[in-house]
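Reading through the structure tokens given below for one structure.
The values are calculated or read from the model by the stated rules, or taken from the named source; none is laboratory data. Keep in mind that this is a model prediction, so the values were computed, not measured. When we count neighbours, we look across all protein chains shown, and the Cβ atoms used for this are built from the backbone with ideal geometry, even at glycine.
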Amino acid sequence: MTGPAPAWYARRGGSGAGLITLLHPPYTLWHLGYVAIGAALAPRLDGRVLAGTLLAFAVGLGVSAHALDELHGHPLGTGLSDRVLVALAVGGFAVVAALAVVGAAEVSPWVLVWAAVGMVIATAYCLELVPALHTTLGFGLTWGAFPVLAGYWAQTTSVDAAAVMAAAGAVLLSMAQRSLSTPARFVRRDTGGAAVDFDADVPGWDGVELLRTWERPLQLLGAAVVVLAVALLLTHR
């Protein structure tokens with residue numbers, strides 16, 4: 001592999017490096033944080049339930065979803081074969097299903113529905129089966145709002161205004177994340193790290209779009225902090 005790595009956290013080497021890269025460690029932890037935020041908003045925090053919820057998302061998102069994403073065009077160039085990627089995706093979903101069965105027995109049968117929705121979302125998004133999901137807003141709803149709501153619901157088996165506001169804040173944060181990562185991926189993967197002539201005829205890369213690369217995420221981050229603040233205040237009604 002020559003030129004810049006396909007992602008700033010990507011590792012080069014054998015299958016071990018490929019597996020680490022596949023997990024997207026910083027972003028997986030970021031979105032697991034949303035699960036924890038949702039759980040922390042609950043009046044009472046059940047550590048066992050939180051651990052199970054975090055494990056389900058760690059496997060479903062960190063392994064299965066990312067394996068499907070790599071299967072769809074191998075954007076990270078991990079060197080993992082399609083057979084291995086399919087095995088990781090199916091194996092990860094099997095673990096999620098097993099955790100959901102345990103959760104259904106200990107928390108509520110509706111855990112099975114949450115797990116099924118999560119697996120459908122991961123598959124549809126990563127394989128780009130539903131174009132509307134593979135947008136900035138779609139990313140915010142699937143990888144921002146859903147983890148927050150799932151984390152809260154797992155603790156309370158309900159959803160209230162505070163959880164909804166926190167989910168909205170996670171949507172904005174995730175949209176900011178994608179607004180930054182999309183142009184970064186363009187420079188890393190499509191230009192080979194070479195300087196981009198913004199005066200040239202490069203679609204979507206004029207001066208206005210360059211400013212949006214920085215300013216749009218700032219707008220979203222500012223709004224996200226306000227929305228999350230309201231969510232926290234609502235927990236003290």
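Results, tabulated for the structure shown:
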| quantity | calculated |
| --- | --- |
| Residues located in segment 51-94, provided they are outside any helix (DSSP H, G or I) and crowded, with 19+ Cβ neighbours inside 10 Å | 76, 78, 80 |
| Of all residues in segment 95-112 being assigned to a helix (DSSP H, G or I) and out of contact with any helix residue (DSSP H, G or I) (no Cβ under 6 Å at 6 or more places or on another chain), the one that is surrounded by the fewest Cβ atoms within 10 Å (Cβ to Cβ) | 105 |
| Qualifying positions in segment 24-39 - part of a helix (DSSP H, G or I) and in contact (Cβ under 8 Å) with a residue 40 or more places away in the chain | 27, 30, 31, 32, 34, 35, 36, 37, 38, 39 |
| Filter result (polar (S, T, N, Q), touching a residue at least 12 places away in the same chain (Cβ under 8 Å) and not in a helix (DSSP H, G or I)) within segment 118-175 | 157 |
| One residue from 150, 161, 145 being touching a helix residue (DSSP H, G or I) at 6+ places or on another chain (Cβ under 6 Å), surrounded by fewer than 20 Cβ atoms within 10 Å (Cβ to Cβ) and under 24 Å from residue 220 (Cα atoms) | 161 |
| Residue 70 being acidic (Asp, Glu) and under 18 Å from the mean Cα position of the chain (by Cα) | yes |
| Candidates 171, 159, filtered to the one that is under 17 Å from the mean Cα position of the chain (by Cα), at pLDDT 95 or above and β-branched (Val, Ile, Thr) | 171 |
